[in-house]
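Enquirer: Below you will find the structure I want to go over with you.
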Amino acid sequence: MTRLFCRIELLAGLLAGSLVYSSQARPAVPDLHLFAVPELWETNKSRQVSRTPFGNVKSGVGLTSVRYQQVYAASEFGKVPEGGAFLSRIDIRGGCGGANAAFITNLVVKLSTTHRGPDQLSSIFSENSGSDEVVAFRAETWLARGDTGPCDFIPPRGEPGVDWVSPMYFNPALFYDPRKGNLLLDLTVPEPRLDVEDYNEFPLFSEVVATAGDALSRVAAADMNAVEADLVDSAGLVALFWFAPLPQLYVSSETNGIQLVWSTDPRQSRLQVSTQVGAESVWKDFPADHGNDQFWRVVTVPSDQLTKQQFFRLCLETTSSGGSAAGLK
């Protein structure tokens, strides 16, 4: 089901010749929630690795494309704000000793809420996806990297290019509420192009945890078009999750107008404007370029565009839920 999230934040205009507006103070950085799943491995390395899904090699064939699904138990998401939040980004950790990188063209990532738990995924891919599934990420070219080590080194969380080396920025983000079910990560991975062609001497690994009865499990096939998995096991990718709440709109007075600022995440946020609120209101996307930095989007509205009462809001659409086989390892 598609849901429209909107929040009216601001009344701005010229009243009695004076510019008036309402706002709250903007924090230095947005209220993002970052944590690793499984949480134990945020400051430790599992030392378990897998070629699947980004550097898969099948005996007698070589590199292959991959269809891949992985479930993360809802119990791992206790740091998500009550009521849910937008999953705006996942960073994949490279596997220790995987001294290679892969350029993947047309990677597709889907996210959904599923009632299937760890070690309960069906080998039929279509039976695992939830009704709120979104195509959250399409990349013309995406870079997956291994971890050249040392294996005992844990760099600061979020330091780019060192540990969580393969980020995926989601647009649209999935609104995920752990109370509604577990999280399913669904990947369609075309055959990669390795930075170093010798995949035996220089494999590409991703870090995994492979323990029966834990919070992860996966199903996969050595063919991106497969309907049924030929690998069903208890392993799963270690990942850093970024959750963002419904964004807040902030405003400040400028010399010749006002400045509107809101969080970059979730990325599908749209600024809209109307001259009134209520049943008769007509909301339109605000025609302005958004200046961006790492955390914020910025729009300046000149005073000559504020000659009458105006309401601004942020909106975004998203869906919301109410054993090893040959060729994959």
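Enquirer: Using a 10 Å cut-off on Cβ atoms, rank the peptides 119-126, 274-281 from the highest mean neighbour count down.
Expert: In descending order of packing, they fall as 119-126, 274-281.
Enquirer: A further question on this structure: For W296, W142, what ranking results if the residue with the fewest other Cβ atoms within 10 Å of its Cβ goes first? Kindly include the intermediate steps, with their values, before the conclusion.
Expert: Values: W296 16, W142 20.
Ascending Cβ contact count within 10 Å gives the list W296, W142.
Enquirer: Which three extents, in whole angstrom, do the alpha-carbon atoms of segment 23-126 cover along their principal axes, largest first?
Expert: The Cα atoms of segment 23-126 stretch 62, 33, 30 Å along their principal axes.
Enquirer: Straight-line reach from K308: which lysines have Cα under 21 Å away, leaving out those fewer than 8 places along the same chain?
Expert: Of all the lysines, those that pass the test against K308 - Cα under 21 Å, at least 8 places apart if same chain - are K284.
Enquirer: Under 20 Å between alpha carbons, and skipping anything fewer than 8 positions from K180 in its own chain: which aspartates and glutamates qualify?
Expert: E76, E82, D119, E127, D132, E133, D214, E317
Enquirer: When the Kirkwood radius is taken over all Cα pairs of segment 55-105, what Stokes-Einstein diffusion coefficient follows at 25 °C and 0.890 mPa s, in µm²/s?
Expert: The calculation lands on 164 µm²/s.
Enquirer: Beta carbons within 10 angstrom, averaged per residue: use that to sort the peptides 76-84, 233-241, highest first.
Expert: 233-241, 76-84
Values in this text are rule-based calculations from the coordinates and carry no lab data. None of the values given here were measured: they were computed from a predicted structure. Glycine gets a Cβ as well: all are built from the backbone with ideal geometry, and neighbour counts include every protein chain shown.
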